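**Q** Can you read through this structure? Questions will come right after.
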Amino acid sequence: MTTQNNGRKRRRGGGGPTITAVAEHAGVSAMTVSNVLNNKSFVNPAAREAVLRAVKALNYTPNTAARSLAAAATLRIGLMHRDTDSALLSAMLVGSLRATARLGVQLVLEIYDTVDPIGSVEKLLRNGIDGLLLPPPICEVASAAGLPERHDVPMVGLAPGGDLRNMDCVRIDDEEASYQLTRILLEKGHRRIAIITLPTGLVAASRLRGYLRALGDAGVVADMGLVWEASPTFDAGLALAERVIKERRDFTAVIAGNDDMAAAFVNVALRNKLSVPEDMSITGFDDTPIAVKIWPPLTTVRQPLALMAEKGVERLVSTLRGTAEDPSPKALYVDFSIVERQSVGSVPN
């Protein structure tokens with residue numbers, strides 16, 4: 001693993017035009033020229049055409065030896081993140097390191113600016129990154145902003161709430177996971193079930209669909225006043241829990257957006273002399289370490305984040321090395337499971 005450094009520069013011997021000259025003539029990066037010359041399938045069509053015109057105009061002849069060396073060079077895979085103290089990042093980092101070590105590529109870890117996430121991604125792309133892993137929510141933001149169309153660097157979104165139209169992604173079926181979690185609470189007799197959605201469009205929409213579908217299958221009329229939104233942090237969970245537990249007590253169960261938020265609800269419930277799960281059932285999402293470090297331990301969705309990152313690296317490397325069977329954007333699904341622990345009980349009498 002390494003931190004960001006300057007882009008790599010490759011020189012070509014002889015007196016003819018260089019790959020840099022071709023890049024300048026085409027108005028693209030030298031890496032884009034290299035990708036076109038190596039017939040990489042992910043290059044933007046307009047950029048490919050510009051490079052081919054420049055090659056013809058300059059009468060550029062690729063140096064076979066240099067191209068062989070370039071093909072053998074160590075690939076650099078970037079992993080963007082926003083929070084160094086994050087269970088999600090820790091799990092994804094484990095999977096990324098496992099895959100990069102096995103495949104002989106380099107991992108570059110970079111923090112993005114939450115005020116200007118797109119600018120942060122584009123800055124990293126200009127510094128010699130061969131492929132990019134994007135966790136939530138920045139993968140959804142980058143996809144919506146059209147970054148894959150503007151750059152010829154392959155990207156993989158990790159754990160988005162839905163398929164991404166213009167980039168590969170590795171994900172679980174969030175709708176089905178939410179459906180199954182809601183069904184468990186319904187089977188315990190709960191009818192006033194609150195759900196906390198996350199401020200990312202695809203995740204929020206998918207999990208809300210699963211929740212509403214489960215309520216509908218059970219003949220329960222959904223109360224949209226029990227659909228709340230908060231950022232996926234412990235502090236945001238605390239603020240929300242302190243407000244809703246004091247203002248209203250017309251719900252008997254809470255489906256939190258992640259385990260940190262669920263832990264915050266457990267904390268506030270206990271401080272307000274409510275017993276979990278006797279007075280209130282609480283579930284999480286992700287099955288991160290905090291799920292078993294609090295009491296009672298959380299019923300939660302186990303999302304294999306490390307495996308997602310590992311498969312994301314594998315997909316990037318196969319695309320970059322030209323071994324991917326299908327280079328078009330696709331969603332790779334991994335299995336989830338519901339882990340039932342002591343934070344869920346029958347509806348209070």
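**Q** Summing +1 for each Lys or Arg and -1 for each Asp or Glu, what net charge is found among the other residues whose Cβ lies under 15 Å from the Cβ of ARG165?
**A** Taking every Cβ under 15 Å from that of ARG165, the sum is -1.
**Q** So, one more: Answer with one residue from GLY345, PRO232, VAL153: the one whose Cα lies farthest towards the positive end of the charge dipole of the chain, charges on Cβ with Lys, Arg +1 and Asp, Glu -1.
**A** Toward the positive end, the furthest listed residue is VAL153.
**Q** Mind putting a number on the dipole of segment 193-349 about its Cα centre? Charges go on the C-beta only, +1 for Lys and Arg and -1 for Asp and Glu, and I need it in Debye to the nearest 20.
**A** Charge dipole, segment 193-349, about its Cα centre: 140 debye, nearest 20.
**Q** Based on the Cβ-Cβ distance from ARG98 to ARG321, what FRET efficiency comes out when R0 is 25 Å, to the nearest 0.05?
**A** Working from the Cβ atoms, E equals 0.85.
**Q** Sticking with this one: What residues of segment 206-228 lie in the reach of a label at ARG243, counting those whose backbone N is under 11 Å from a point 7 Å from the Cα along Cα→Cβ?
**A** Only 228 pass the distance filter.
**Q** Work out the length of the dipole vector of the chain about its Cα centre, built from +1 on the beta-carbon of each Lys and Arg and -1 on the beta-carbon of each Asp and Glu, and round it to the nearest 20 debye.
**A** In total the dipole reaches around 1180 debye.
**Q** Give me the distance in nm between label points sitting 7 Å out from Cα along the Cα-to-Cβ direction at TRP295 and LEU52, one decimal.
**A** Each label point is offset 7 Å from its Cα along the Cβ direction, giving 6.9 nm.
**Q** With the full set of protein chains in place, find how many percent of the accessible area of the chain is carbon and sulfur; take the probe as 1.4 Å.
**A** 51 percent
**Q** Oh, and also: Relative to the present Cα-Cα distance, how much length would full extension add between ASP163 and ASP250 at 0.36 nm per residue of separation?
**A** Going from the current span to full extension adds 27.8 nm.
**Q** A further question follows. Once phi is turned into ³J(HN,Hα) by the Karplus curve 6.51 cos²θ - 1.76 cosθ + 1.60 with θ = phi - 60°, what whole-Hz value does each residue of segment 147-152 show in order, with x for glycine and proline?
**A** Along segment 147-152, the couplings run 4, x, 6, 8, 10, 9 Hz.
**Q** Between SER337 and PHE234, what is the FRET efficiency for a Förster distance of 25 Å, r being their Cβ-Cβ separation, to the nearest 0.05?
**A** 0.55
**Q** Sort 170-178, 291-299 by the packing proxy (mean of other Cβ within 10 Å over each peptide's residues), most packed first.
**A** 170-178, 291-299
**Q** State whether segment 185-291 is rounded, prolate or oblate according to the following rule on the C-alpha gyration tensor (a ≥ b ≥ c being the square roots of its eigenvalues): a/c under 1.5 gives rounded; otherwise a/b larger than b/c gives prolate, and the remaining case gives oblate.
**A** oblate
**Q** I've got another one for you. Sequence gap at least 6, Cα distance under 8 Å: using those rules, report the relative contact order of segment 282-332 to the nearest whole percent.
**A** 26 percent
**Q** Here's something else I'd like to know. Just to confirm a number: summing +1 for Lys and Arg and -1 for Asp and Glu over residues other than ALA331 whose beta-carbon lies under 9 angstrom from that of ALA331, what do you get?
**A** Value of the local net charge: 0.
**Q** Would you mind working out the accessible area per residue for segment 88-166, using a 1.4 Å probe, and quoting it in Å²?
**A** 36 Å²
**Q** So, one more: Counting pairwise Cα distances across the chain, what percent come out greater than 26 angstrom?
**A** 53 percent
**Q** From the residues LEU103, THR197, LEU88, which one has its Cα farthest along the dipole of the chain in the positive direction, the dipole being from +1 and -1 charges on Cβ of Lys/Arg and Asp/Glu about the Cα centre?
**A** Most positive-ward Cα: LEU103.
**Q** Still on this structure, I have one more. What are the ³J(HN,Hα) values, in whole Hz, obtained from phi via the Karplus relation 6.51 cos²θ - 1.76 cosθ + 1.60 with θ = phi - 60°, for each residue of segment 181-191 in sequence order, with x given for Gly and Pro?
**A** Per-residue couplings from phi come out as 5, 5, 4, 4, 5, 4, 5, 8, x, 6, 10 Hz.
**Q** Could I ask something else about it? When a/c is below 1.5 the answer is rounded, else prolate if a/b is larger than b/c, else oblate, so apply that to segment 245-349 with a ≥ b ≥ c taken from the square roots of the Cα gyration tensor eigenvalues.
**A** Note, shape of segment 245-349 comes out prolate.
**Q** Taking θ = phi - 60°, what integer Hz values does the Karplus form 6.51 cos²θ - 1.76 cosθ + 1.60 yield along segment 91-104, in sequence order, with x for Gly and Pro?
**A** My calculation for segment 91-104 gives 5, 5, 5, 4, x, 5, 5, 4, 6, 5, 5, 5, 9, x Hz in order.
**Q** For the chain, what does -39500 (n - 2.57) per DSSP helix run (n ≥ 4), summed and divided by total residues, give at 222 nm, in deg cm²/dmol to the nearest 500?
**A** Dividing the helical sum by the residues of the chain leaves -13500 deg cm²/dmol.
The values are calculated or read from the model by the stated rules, or taken from the named source; none is laboratory data. Remember, predicted model here, so these are calculated numbers, not experimental data. No Cβ is skipped: glycine too gets one built from the backbone with ideal geometry, and neighbour counts run over all protein chains shown. What goes into the accessible areas is simple: the full protein's heavy atoms, side chains included, and nothing from ligands, DNA or RNA. Shrake-Rupley method; radii C 1.70, N 1.55, O 1.52, S 1.80 Å.
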